[in-house]
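Data block below; observations after.
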Amino acid sequence: MMEQMVAVVTGGTRGIGLGIAKTLVKQGASVAVTYKEDDAAARKAKDQMENLIDEKQEVLLLKGDAGDPEAVKEHHREVHDKLGSVNVLVNNAGIMFKKSFEELTISDWDNTIRINLSSAFYWSAQVIPGMKNQKYGRIVNIASVAARGPSVLGPHYAASKAGLLGLTKFAARDLGSFGITVNAIAPAFIEDAGIFAEWSDEQRASLKDKVLVPQIGNVEDVVRAFEYLLYSPFVTGVTLDVNGGVFMI
Ligand SMILES: NC(=O)c1ccc[n+]([C@@H]2O[C@H](COP(=O)([O-])OP(=O)(O)OC[C@H]3O[C@@H](n4cnc5c(N)ncnc54)[C@H](OP(=O)(O)O)[C@@H]3O)[C@@H](O)[C@H]2O)c1
């Protein structure tokens, strides 16, 4: 269990991030979630998490861009001062949009790499010294099936998510001796998160043809993979594919 533990989930006010933040709260951790702009979703997320905490836990909302190193530094300082040293980091914040090579601008590319990939480096660099001191840490990077093969969204998204897998493996190798595990989850077709949450039932039903099992995924499927990594000290440097069999290696 996670009593006395402190967790940070970037992009934790909706979708996969909120699912993971809620499970961390249920396990007894104090949890800080970051978000970029949707204050209404953030308030709703905080209410949901506060309904699950006991008097020893706290929930913190941090508004700002996970792809801005100064904002991350500031957020980390706040978490450290208010909750303590971070034991669990979930690099989940991400943006997803579809563009071809021809349509993609330099700013589309830079923003995607910054928010989806560099944010994980910025946050990891902040929390690793404290994790090393404590000889314990869990870092989970939320990648995508797009890291594993040709992406349907475009080169920017595929590159950002493949980069996360490289970061995961290098960090796992470097940090294992300190009791810190670093792993990734590569989801696909999570019906109640991100772009799919806005799709009609009919549109979502069309995704079923792409997977091997009778249903597409939901946030709980990703949460179960996360819980496995959280409680598995002998598992590091891996990517768990949560994708209904759409990609296999
Ligand atoms: N849904 C899927 O099927 C799927 C599949 C594969 C991978 N993923 C990955 O899973 C992760 C979560 O996706 P999701 O589907 O749960 O997304 P989502 O429902 O769109 O939620 C995204 C979260 O990230 C936050 N966010 C966005 N940009 C941010 C920034 N620059 N700084 C800080 N926070 C930011 C959002 O806050 P605001 O609303 O305030 O901006 C929100 O809390 C992403 O990395 C995504 O690439 C999702």
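Bear in mind that the values in this text are calculations on the coordinates, not laboratory data. On a predicted model such as this, the values are computed, not experimentally measured, just so you know. Neighbour counts are summed over all protein chains in view; Cβ atoms, including those assigned to glycine, are modelled from backbone coordinates with ideal geometry.
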For residue 95, residues with placed amide H under 5 Å, excluding near neighbours: 116
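Using Cβ contacts closer than 10 Å as the measure, can you line up 239, 23, 34 from fewest to most?
Values: 239 18, 23 22, 34 27.
By the 10 Å Cβ count, ascending: 239, 23, 34.
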Interchain or long-range residues, amide H under 5 Å from residue 241's placed H: 186
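Over all distinct alpha-carbon pairs, what is the Kirkwood Rh of region 146-248 in angstrom? Please report the intermediate quantities before stating the final value.
Numbers: mean 1/r = 0.0674 Å⁻¹.
Kirkwood hydrodynamic radius for region 146-248: 14.8 Å.
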Reduced Cα scattering model of region 6-242, Debye log10 I(q)/I(0), q = 0.08, 0.12, 0.17 Å⁻¹: -0.27, -0.63, -1.32
All lysines inside 25 Å of residue 210 as judged from Cα atoms, apart from same-chain residues fewer than 8 positions distant: 98, 99, 161
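Determine, for 80, 156, the number of other Cβ atoms within 10 Å of each Cβ, and report the residues in order from fewest to most. Write out the running numbers ahead of the final one.
Working: 80 16, 156 25.
The most exposed by this proxy come first: 80, 156.
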FRET efficiency estimate (nearest 0.05) - Cβ-Cβ, residue 202 to residue 70, R0 41 angstrom: 0.40
Whole-Hz couplings from phi, Karplus 6.51/-1.76/1.60, listed for region 177-188; x for Gly and Pro: 5, 9, x, 9, 9, 10, 9, 10, 10, 10, x, 8
